[in-house]
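Notes for the one structure printed next.
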Amino acid sequence: MRKFVIAAAVALGLAATPQIAKAAGGVDVPSQSWAFEGVFGTIDIPAAQRGLQVYKEVCASCHGLSLMAYRNLAQIGFSEEEIKALAADYTVMDGPNDDGEMFERAAIPSDRFVSPYANEQEARAINNGAYPVDLSLIIKARADGANYLYALLTGYREEAPEGVDLMPGMYYNEYYGGNQIAMPQPLYDDFVEYSDGTQATVSQMAKDVTYFLKFAAEPSHDERKQMGIKVIIFLLVFTGLAYASMKKIWADVKK
Amino acid sequence: MSTYNPSNPLVRWIDHRLPMFSFMNEHLTDYPTPKNLNYFWNFGSLAGIILVVMIASGITLAMHYTAHVDYAFNSVERIMRDVNFGWMIRYIHMNGAHLFFVVVFIHIFRGLYYGSYKAPREILWMLGVAILLAMMATAFMGYVLPWGQMSFWGATVITNLFSAIPLVGEDIVIWLWGAFSVDNATLNRFFALHYLMPFVIVGLVVLHLVALHRFGSNNPIGIDVKKGSQDTIPFHPYYTIKDTFGLGVFLLVFAGLVFFAPNYLGHADNYIEANPLVTPALIVPEWYFLPFYAILRAIPDKLGGVIAMFGSIAVLFILPWLDRSPVRSATYRPLFKLFFWILVLDCILLGYVGAMPAEGIWVLLGQVGTAYYFAHFLIILPLLSKLETPKPLPTSISKPVTGGAAPAAAPAE
Ligand code: HEM
């Protein structure tokens, strides 16, 4: 057993090395507490629903969410009717029809979230050359993504500290690399009106939209952890039985 | 081994014509195995199992994956979102690759510690090193497939190494790319080769096992065991159950990663689609390449760095002829044991340096670590074989009473 513990410790040690290396290089953002943390963590559904509202009413004018389909919203508690109605607010280009013509139609649940731009060039043209990234994977595409996004959205300062020269069209943000970002502060208190009565402070909206984008980055998040718990329980039983059998079988081997 | 006599008449009929049952009986059931193997001997069978897991999950991914620069990234996301259990298959493949290297590295250091590379197991050892090389090629090309930023830039950095070759270097790189940069042609051929290489590995593993079963496993004491003596026990049920228990523990770690921390070992930048116009702030390879990457960057000259990097594997190939001590196990070689652990620390140091930007103190540490790595194999081991006095070896596993002087582990042939 002693040898086994050593072997296991070596394996874990090896697996931990990259993390040590990573920690030595990353930018530090303050940690918030999130409902999706930990083994039993799940996406906070009311928060994600409010987050969708923030995305729709604020971020969507500049950022796409092209990997999400409207139907995916069923997983954060929207009914089929609500999703149909929500999708119908958008128009998509379809076709060609039997006459060989492209046509516009209302979006349906199986369509992907409609992007505010036709292409990257148009996005840059509208935003003074800056490119508002697609937000579908943003939580996974940044180290410590959820904490980073929250910090970014709440990290604006009215004025740059003394000695910092802001370039034209840039805004000061404490957590963006280089501190100068082309995105104007997107959230102000009461920018949106929540139907569930939640006070729409900047930090509340930042948290909510982070929950929504966490879900968007990984719609299978809750399913993954729930399945994981079952798998681990099964494996504990399996490994325990294997251990007991091993002890029994090996009992007659003389040292 | 001709004592095998199956009772089932159908099995007997088939076995008479195609001796597959007696083959399995010889190699999986009766196969005499030293009775004192510790848990470090579990990692060989684990590596074999992961190889199967990688092939099964990989073929499933290939059914949904599109090897085209415009679609590759999104096709992987489609697997994650729209394919039934696609997220699980992808996370299994991704984390399986990480654990494959964890397991194989432990397996290799086990061999280093217990002298498993010594006569008569030199070819067995060299086949192992060949498997490591093939695994590295496979993982490198696999990492390019999701076509994220690290995929693209990693591929660019590594393929560019070949341009260090004098005269023909530049042409070789263009030939590898199939274009004038890492592009669609590169992605396509990497996919084809990534599908092929695992089966090359299977072939190498078969040879590895044939060589293993010629003389059987080494053991923690490192002395030869006499087949059929008190020292051996049949593989089944003793080691089948022990390997099953080891598999259970391994799967717990594997499931922990896949279900609760699937991106823990990966790099966030690879969730950004490849963009040839934007270079990431720091291009770092996957952790299992970091020690090699550190060696590459330790030499200020590009060609020199490439030679050192490949040299770090080449010394493993000739290791059986560098360490001439007839005693295998470090247990009986106090000095060798000390230097073994220093080597382990050196490799960890190199891994750490590999993740750091090549500046300041890291450059010096990388160079010292690299120098020590080569010194261990090329200077320390040859000297130790001459200078060190090993402790007396036991004459058999069953009688750990120390009898006579070394060397009991004389080459068989
Ligand atoms: C020695 C066994 C193998 C190793 C070490 C290996 C390694 C890898 C790695 C490191 C990745 C990148 C994972 C990521 O970051 O997303 C990958 C992706 C991939 N591999 Fe493998 N692989 C192996 C066998 C196979 C086999 C047999 C196939 C069958 C065709 C396969 C098909 C794929 C596909 C389609 C991808 C792209 C999808 C993705 O990135 O998740 N692999 N592989």
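The values are calculated or read from the model by the stated rules, or taken from the named source; none is laboratory data. These numbers come from a predicted model, not from an experiment. Cβ coordinates were reconstructed from backbone atoms using ideal geometry, including for glycine residues, and neighbour counts include every protein chain displayed.
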Fill in the blank from the handout: Checked the range B:76-111 for anything buried (at least 20 other Cβ atoms within 10 Å of the Cβ) and among the polar types (S, T, N, Q); matches are B:Asn95
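Would a scan of the range B:114-122 turn up a residue that is within 13 Å of the ligand (Cβ to nearest atom) and among the hydroxyl-bearing types (Ser, Thr, Tyr)? Even if it seems obvious, please write down each step before you answer.
To start, the set of residues in the range B:114-122 that are within 13 Å of the ligand (Cβ to nearest atom) comprises none.
No: zero hits.
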Practice task
Please tell me if B:Gly96 is under 25 Å from B:Val344 (Cβ atoms) and near the ligand (Cβ under 10 Å from one of its atoms).
Solution key: yes
Practice task
Six or more apart or on different chains, Cβ under 7 Å: which pairs go from a residue in the range B:181-199 that's assigned by TED's automatic domain parsing to the domain that holds B:Ala56 to one that's among the aromatic types (Phe, Trp, Tyr) and within 10 Å of the ligand (Cβ to nearest atom)? Could you list them?
Solution key: B:Leu187/B:Trp147
Problem - Residue in the range B:38-71 that is farthest from the ligand (Cβ to nearest atom), counting only those that are within 14 Å of chain A (Cβ to nearest Cβ) and over 24 Å from B:Phe259 (Cβ atoms) - result: B:Asn38
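Can you tell which of A:Ala16, A:Ala47, A:Ala8 is at pLDDT below 55, more than 8 Å from chain B (Cβ to nearest Cβ) and not in a loop (DSSP other than H, G, I, E, B)?
Working: A:Ala47 fails: at pLDDT below 55; A:Ala8 fails: more than 8 Å from chain B (Cβ to nearest Cβ).
Testing whether each residue is at pLDDT below 55, more than 8 Å from chain B (Cβ to nearest Cβ) and not in a loop (DSSP other than H, G, I, E, B) leaves just A:Ala16.
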Practice task
Can you confirm whether the range A:153-160 contains a residue that is modelled with pLDDT of 95 or more and of a type in the set (A, V, I, L, M)?
Solution key: yes
Problem - Meets criteria (within 21 Å of B:Ser45 (Cβ to Cβ) and either under 17 Å from the mean Cα position of the chain (by Cα) or modelled with pLDDT of 95 or more (or both)) for B:Met126 - result: yes
Practice task
Could you run through the range B:354-371 and say how many residues are within 14 Å of chain A (Cβ to nearest Cβ) and free of Cβ contacts under 8 Å to residues at least 12 places away in the same chain?
Solution key: 5
Practice task
Tell me, please, whether a residue that is in contact (Cβ under 8 Å) with a residue 60 or more places away in the chain, farther than 14 Å from B:Ile380 by Cα and in contact with a Leu (Cβ under 7 Å, 6 or more places away or on another chain) can be found in the range B:327-336.
Solution key: yes
Fill in the blank from the handout: the range B:10-104: helices (runs of 4 or more DSSP H) wholly inside it with 2 or more residues that are under 23 Å from the mean Cα position of the chain (by Cα) are B:43-62
Handout entry: Test result for B:Phe292, surrounded by 18 or more Cβ atoms within 10 Å (Cβ to Cβ) and in the same structural domain as B:Arg110 (by TED's automatic domain parsing)
Key = no
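Here is a yes/no grid of residues against (1) more than 7 Å from chain B (Cβ to nearest Cβ); (2) buried (at least 19 other Cβ atoms within 10 Å of the Cβ); (3) farther than 30 Å from B:Pro394 by Cβ:
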site	(1), (2), (3)
A:Phe212	yes, yes, yes
A:Ala216	yes, yes, yes
A:Pro219	no, yes, yes
A:Met227	no, no, yes
A:Leu235	no, yes, yes
A:Thr239	no, yes, yes
A:Lys248	yes, no, no
Exercise for the section: Give me a count of the residues in the range A:153-210 that are touching a Ser or Thr at 6+ places or on another chain (Cβ under 6 Å) and exposed (fewer than 12 other Cβ atoms within 10 Å of the Cβ). Expected result: 1
Exercise for the section: Search the range B:218-253 for residues being in contact with a strand residue (DSSP E or B) (Cβ under 6 Å, 6 or more places away or on another chain) and away from chain A (no Cβ under 13 Å), and hand back the single one that is surrounded by the most Cβ atoms within 10 Å (Cβ to Cβ). Expected result: B:Val225
Practice task
Return only the number of the condition from (1) within 16 Å of the ligand (Cβ to nearest atom); (2) under 18 Å from B:Ile221 (Cα atoms); (3) more than 17 Å from the chain's Cα centre (by Cα) that B:Ile108 does not satisfy.
Solution key: (3)
Practice task
Working carefully through the options A:Asp134, A:Asp98, find the one that is assigned to a loop (DSSP other than H, G, I, E, B), among the charged types (D, E, K, R) and farther than 15 Å from A:His63 by Cβ.
Solution key: A:Asp98
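Just need a number here: residues in the range A:188-221 that are among the charged types (D, E, K, R) and over 20 Å from A:Leu152 (Cα atoms). Let's see the steps before the verdict.
To start, the set of residues in the range A:188-221 that are among the charged types (D, E, K, R) comprises A:189-190, A:193, A:196, A:207-208, A:214, A:218.
This time we only want the ones that are over 20 Å from A:Leu152 (Cα atoms), so: A:193, A:196, A:218.
So the answer is 3.
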Practice task
Restricting attention to the range B:259-279, report how many residues are more than 12 Å from the ligand (Cβ to nearest atom) and more than 8 Å from chain A (Cβ to nearest Cβ).
Solution key: 8
